[in-house]
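Below is one structure; the comments refer to it alone.
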Amino acid sequence: MSAVRIDVLTIFPGWFEGPLTTSLLGRAISEGALDVRVHDLRAWTTDRHRSVDAAPYGGGAGMVMRADVWIAACEAVWNDEEAAASRYAAGGSRPRTVLLTPRGRPLDQALAAELAGEDRLVLLCGRYEGIDERVHELVATDEVSVGDYVLFGGEVAAAAIIEAVTRLVPGVVGNQESPAEESFTSGLLEYPQYTRPAEVRGHGVPEVLTSGDHAAIERWRRERATALTRERRPDLLADD
Ligand code: JD8
């Protein structure tokens, strides 16, 4: 039994192969802490050209993804449950269905934690000029953006959500290490890290880190984290 099931809808299912089989994400899936199912949106097309897009009403450049195909796909995925009866078809609540879009709620650690608390997520990856507005209205429970820059589509954004959520799923390797020290949980950027060798191109390691004085090390790290945050991300300190 998995802690979180994530269904991804995309016209590029192969895009997720690398990320989902590599390193900690691959291990989380093979160990059953996470169940990710990537679906090809074209499976829900009905015409012989398997078209997922059409010209925008009102004119303009580019193509818009069709609401009918997206709605059929989402209903099928919502209803595909391990349990004999489907919650959705039985009138139950649909799982959090996240449409990735530049106009969405900015992804941050608080949203990742919120999504990690769900037993199922459905991630909708659009392409072209985006998805028909009626999918935003009728199907999506959430609209999420991963930042103020423009991507070709939602796949990179979905992968970011999958990683951020997976790190918070109980039983995923590496997710229990010093949660209190972590940036965006502590609200600070991370302090600088060093490892062997002791000298690199004439650059040494701050002496305090080799002093063995653990209280001094902790003070130094807190001071560096605070100074870095003040310099680079004062917005993170705004409340304090
Ligand atoms: C989904 C299509 C491209 C978006 C016209 C061509 C998220 N933070 C983010 N930046 N960009 C996206 C994103 C971009 C997407 C799609 C997500 C689907 N495009 C479109 C609208 C304007 N371009 C994103 N999450």
Collect the residues in region 133-150 that are in a loop (DSSP other than H, G, I, E, B), open to solvent by 30 Å² or more (accessible area, probe 1.4 Å) and touching a strand residue (DSSP E or B) at 6+ places or on another chain (Cβ under 8 Å), keeping them in residue-number order.
THR141, VAL146, ASP148, VAL150
Could you list, ordered by first residue, the pairs with Cβ atoms under 8 Å in which the first is in region 125-137 and on the phi < 0 side of the Ramachandran plot and within 6 Å of the ligand (Cβ to nearest atom) and the second is small (Gly, Ala, Ser) and part of a loop (DSSP other than H, G, I, E, B), at least 6 apart or interchain?
GLY126/GLY153; GLY126/GLY154; ARG127/GLY153; ARG127/GLY154; GLU129/GLY60; GLU129/ALA61; GLU129/GLY62
Restricted to region 209-237, and to residues that are over 18 Å from SER186 (Cβ atoms) and in contact with a helix residue (DSSP H, G or I) (Cβ under 8 Å, 6 or more places away or on another chain), which residue is most open to solvent (accessible area, probe 1.4 Å)?
SER211
Across (1) within 16 Å of the ligand (Cβ to nearest atom); (2) crowded, with 19+ Cβ neighbours inside 10 Å, VAL156 clears everything bar (2)
Positions within region 82-106 being open to solvent by less than 50 Å² (accessible area, probe 1.4 Å) and either within 14 Å of the ligand (Cβ to nearest atom) or in contact with a strand residue (DSSP E or B) (Cβ under 6 Å, 6 or more places away or on another chain) (or both), in sequence order:
PRO95, ARG96, THR97, VAL98, LEU99, LEU100, THR101, GLY104
Every listed condition ((1) aliphatic (A, V, I, L, M); (2) exposed (fewer than 15 other Cβ atoms within 10 Å of the Cβ); (3) modelled with pLDDT of 95 or more) holds for VAL173 save (3)
Which of the following residues is open to solvent by less than 20 Å² (accessible area, probe 1.4 Å), modelled with pLDDT of 95 or more and within 16 Å of the ligand (Cβ to nearest atom): ALA55, ALA73?
ALA73
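The values are calculated or read from the model by the stated rules, or taken from the named source; none is laboratory data. Computed from a prediction, not measured in an experiment: that's the story for all the values here. Ideal geometry is used to build each Cβ from the backbone, glycine not excepted, and the neighbour counts take in all protein chains shown. Areas reflect the complete protein model, heavy atoms only, side chains present, ligands, DNA and RNA absent. Shrake-Rupley method; radii C 1.70, N 1.55, O 1.52, S 1.80 Å.
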